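A.B. asks: Take this structure first; my questions come after.
The values are calculated or read from the model by the stated rules, or taken from the named source; none is laboratory data. Computed from a predicted model, the values in this text were never measured in an experiment. Note: ideal-geometry Cβ built from the backbone for every residue, glycine included; neighbour counts use all protein chains shown. With ligands, DNA and RNA removed, areas are computed over all heavy atoms of the protein, side chains included. Shrake-Rupley method; radii C 1.70, N 1.55, O 1.52, S 1.80 Å.
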Amino acid sequence: MDATTPDTTRPPSTVKVALLGAGNVGAEVARTLLDHGAEFAARVGAPVELVGIAVRDLTARRTVELPEELLTTDAEALVDAADVVIELTGGIEPARSRILRALHAGKPVISGNKALIARHGRQLQDAADAAGVPLSYEAAVAGAIPIVRPMQDSLAGDRVDRVLGIMNGTTNYILDQMDTTGAQFDDALAEAQRLGYAEADPTADVEGHDAAAKAAILASLAFHSTFTIDDVYCRGITGVTAADVAAAREAGYVIKLLAVCERCADGVNLRVTPTMIPREHPLAGVHGAYNAVFVEAANAGSLMFYGAGAGGAATASAVLGDFVSAARRLVLGGPAQGADPHAQLPAASMDDVRTSFSITLTVQDRLGVLARIAQVFADHGVSIFTMQQKDHPHGDPRLSEIRLVTHRGANKDLVATVDALRELPFVEEVAGVIRVEHAD
């Protein structure tokens, strides 16, 4: 062993923990470590010492009162002084550099940083593998829900065919309110902000970026490949109206912001979109700010993981579970489990994904309209599953509303059909297009 190689074979007499970040989650992690030190010592097999908490502002108000002597702005020195590093600062930099600093020094890292893992997870995992230490990120995917480790361990011998997830509590709360109370989008968002489920700037949630990052991480695990957030087709919920939600309810569906990662002929398709699912599907019953992940595997069949997807205490539970596992390995010795990217399946485009659309049209109420619409579908090789014509919702006698659900077809054919419908002279508006799961 040369002078530059860390000696990770000698177990520490005390496990020294550096905590980077003291936001809602970080503060709960610190509180739990400080209040239950004896319990963690018993679980880990050695005393546990929180040696410091790196923060940007020493005077900022926090959700938990923390000992002032533990707070520091020198994160790098704190990393160097620790045996295990917990990173909960968020963002790409300086979090990436600090994690790499810890890993290169042979120190296990626990992170809840979904944006970083979704973009640079491969680089970080390679550094962890080279050092022979664990990089753990259960909290980056679905808060308190244990899904990373089941993918890495329990389902490692199975073939996962598809993963469907409600992975963002803010959007699930908004859509659930629209479904159960008839609220408009803006009103449901305002209520989510009042309750603390949504940030003052909710863009990352309502535009689907948060769920897309989690989908990239989960797909990498499920399909033993490497995906980033750039591989995820993403569309948020800002265009979903109360009328869309009501129509879905009337047809026996509920609208969820759904992350779907599924095998197809040329790889794995990753997408996050508002999606109609049948009310009898287990995911349809996920209410409020809760999350759930539904896994379809060749041998295990259908599995669902459900629980709190956000919140300081809930997410801290996942962080501390990773910490205990990493600290026990440090105390007892033994190799860390590396990543398993053996399949290296490519990210598949949306073009050939087989899916279904719900399409809402505002049309002129005159003879021949339905026949011409049906012809457009036939011209593009798309079959209609259900079709319903109603009076215009605002009472205009010159117009009608038509709602259709297609059978499954290639996404490119469905998109071409919608584009052709927009060009018809008697189509006043294509008022809504929402994907549908299990339409036939």
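A.B. asks: Got a sec to turn the phi values of the stretch 69-74 into Karplus ³J(HN,Hα) couplings, 6.51 cos²θ - 1.76 cosθ + 1.60 with θ = phi - 60°, whole Hz, x for Gly and Pro?
C.D. replies: 5, 8, 7, 8, 9, 9
A.B. asks: For the stretch 55-119, with equal point scatterers placed on the C-alpha atoms only and solvent neglected, what are the log10 I(q)/I(0) values from the Debye formula at q = 0.13, 0.14, 0.19 1/Å, to two decimals?
C.D. replies: One equal scatterer on each Cα of the stretch 55-119 leads to -0.38, -0.44, -0.79.
A.B. asks: Any chance you could list the semi-axes, whole Å, largest first, of the equivalent ellipsoid that the Cα gyration tensor gives for the stretch 83-135, using √(5λ)? Each step should come with its number before you reach the end.
C.D. replies: On the way: eigenvalues 50, 27, 15 Å².
After scaling each eigenvalue by five and taking roots: 16, 12, 9 Å.
A.B. asks: For the chain, what mean projected area does the convex hull of the alpha carbons give, in nm²?
C.D. replies: Averaged projected hull area, Cα only: 22.7 nm².
A.B. asks: For the chain, what relative contact order do you get, as a whole percent, if you take Cα pairs closer than 8 Å and at least 6 residues apart?
C.D. replies: Across the chain, relative contact order equals 16 percent.
A.B. asks: Would you kindly derive the ³J(HN,Hα) couplings of the stretch 205-213 from the backbone phi angles with the Karplus curve 6.51 cos²θ - 1.76 cosθ + 1.60 (θ = phi - 60°), listing them in order in whole Hz, with x for Gly and Pro?
C.D. replies: Per residue, the Karplus-derived 3J(HN,Hα) values read 7, 6, 8, x, 5, 4, 5, 5, 4 Hz.
A.B. asks: List the lysines whose alpha-carbon lies under 25 Å from that of residue 16, not counting same-chain residues fewer than 8 positions away?
C.D. replies: 107, 114
A.B. asks: Still on this model: HN-Hα J couplings of the stretch 124-130 from phi, Karplus 6.51/-1.76/1.60, θ = phi - 60°, integer Hz, Gly and Pro as x?
C.D. replies: Per-residue couplings from phi come out as 5, 5, 4, 5, 5, 5, 5 Hz.
A.B. asks: Distances longer than 17 Å among the Cα atoms of the stretch 226-323: what percent of all pairs is that?
C.D. replies: I get 65 percent for the Cα pairs in the stretch 226-323 exceeding 17 Å.
A.B. asks: Whole angstrom only: what separates the Cα centroid of the stretch 17-52 from the Cα centroid of the stretch 196-212?
C.D. replies: Using only Cα atoms, the two centres lie 29 Å from each other.
A.B. asks: Under a GNM of the chain (C-alpha, springs under 10 Å), which listed residue has the highest mean-square fluctuation: 351, 83, 161?
C.D. replies: 351
A.B. asks: Using alpha carbon centroids, what distance separates the stretch 352-418 and the stretch 69-144, in Å?
C.D. replies: Spelled out, the Cα-based centre of one part sits 50 Å from the other.
A.B. asks: So how much accessible area does residue 187 have, in Å² to the nearest 10, using a 1.4 Å probe?
C.D. replies: Roll a 1.4 Å probe over it and residue 187 shows about 100 Å².
A.B. asks: With contacts defined as alpha carbon pairs under 8 Å and 6 or more residues apart, what's the relative contact order of the stretch 247-346 in percent?
C.D. replies: This gives 18 percent for the stretch 247-346.
A.B. asks: Among 438, 356, 188, whose Cα lies farthest out toward the positive end of the dipole of the chain, if unit charges sit on the beta carbon of Lys, Arg (+1) and Asp, Glu (-1)?
C.D. replies: 438
A.B. asks: Which shape class, rounded, prolate or oblate, goes with the stretch 166-270 when its Cα gyration tensor gives a ≥ b ≥ c as root eigenvalues, a/c under 1.5 marks rounded, and past that a/b bigger than b/c marks prolate?
C.D. replies: Cα axes put the stretch 166-270 in the oblate bin.
A.B. asks: Using a Förster radius of 25 Å, what is the FRET efficiency between residue 351 and residue 430 based on their Cβ-Cβ separation? Nearest 0.05, please.
C.D. replies: Efficiency computed from Cβ-Cβ geometry: 0.80.
A.B. asks: At what distance in nm do the modelled label points of residue 412 and residue 386 sit from each other, each positioned 7 Å from its Cα along Cα→Cβ?
C.D. replies: So the two model labels end up 3.0 nm from each other.
A.B. asks: Can you find, among 25, 51, 36, the residue sitting farthest towards the positive end of the charge dipole of the stretch 14-69, where Lys and Arg contribute +1 and Asp and Glu -1 at Cβ?
C.D. replies: 25
A.B. asks: Quick one: compute the contact order of the stretch 365-440, relative version, from alpha carbon pairs under 8 angstrom and 6+ residues apart, as a percent.
C.D. replies: The normalised contact order for the stretch 365-440 reaches 30 percent.
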